[in-house]
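Working notes, structure below.
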Amino acid sequence: QVQLVESGGGLAQAGGSLRLSCAAPVSIFGINAMAWYRQAPGNQRELVATITSGGSTNYADSVKGRFTISRDNAKNTVYLQMNSLKAEDTAVYYCAVTRGLSLYWGQGTQVTVSS
């Protein structure tokens, strides 16, 4: 089992920025891909961005050019820098990591963007 601890959510104005963090215990080895998902009320959970252990990234079209995913492998931490926020970015954001054949989820952090 991998416990993920998220932080950094909150309230931002449209056009503003927030940075999310998600940390796994540093004692855990073998974490592969790391990702951020989000779920808005009434919507399905959607993939926002992914990053492989080698640093390759992929983004949903809706966030390309505005969000940046990064990771610190020494700290087992993944980040999501969110710039130029829009009201439609409002959602609960979840981090997820893969380790072996297993997928682990964070508890979620609320991001609210006011227009």
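The values are calculated or read from the model by the stated rules, or taken from the named source; none is laboratory data. In this text, all values refer to a predicted model and were calculated from it rather than measured experimentally. Every residue, glycine as well, gets a Cβ built from its backbone with ideal geometry; the counts of neighbours run over all protein chains shown. Ligands, DNA and RNA are stripped out before the accessible areas are found, and what is left, the full protein with its side chains, is counted by its heavy atoms. Shrake-Rupley method; radii C 1.70, N 1.55, O 1.52, S 1.80 Å.
Quick check, is Asp89 of a type in the set (Asp, Glu) and either surrounded by 13 or more Cβ atoms within 10 Å (Cβ to Cβ) or in contact (Cβ under 8 Å) with a residue 60 or more places away in the chain (or both)? Yes. State yes or no: is Arg45 touching a residue at least 60 places away in the same chain (Cβ under 8 Å) and basic (Lys, Arg)? When the stated conditions are applied, Arg45 does not pass them. When segment 1-56 is limited to residues that are in contact with a Gly (Cβ under 7 Å, 6 or more places away or on another chain) and open to solvent by less than 60 Å² (accessible area, probe 1.4 Å), the one that is farthest from Val111 (Cα to Cα) turns out to be Gly30. Residues that are open to solvent by 60 Å² or more (accessible area, probe 1.4 Å), closer than 17 Å to Val5 by Cα and basic (Lys, Arg) do occur in segment 94-115.
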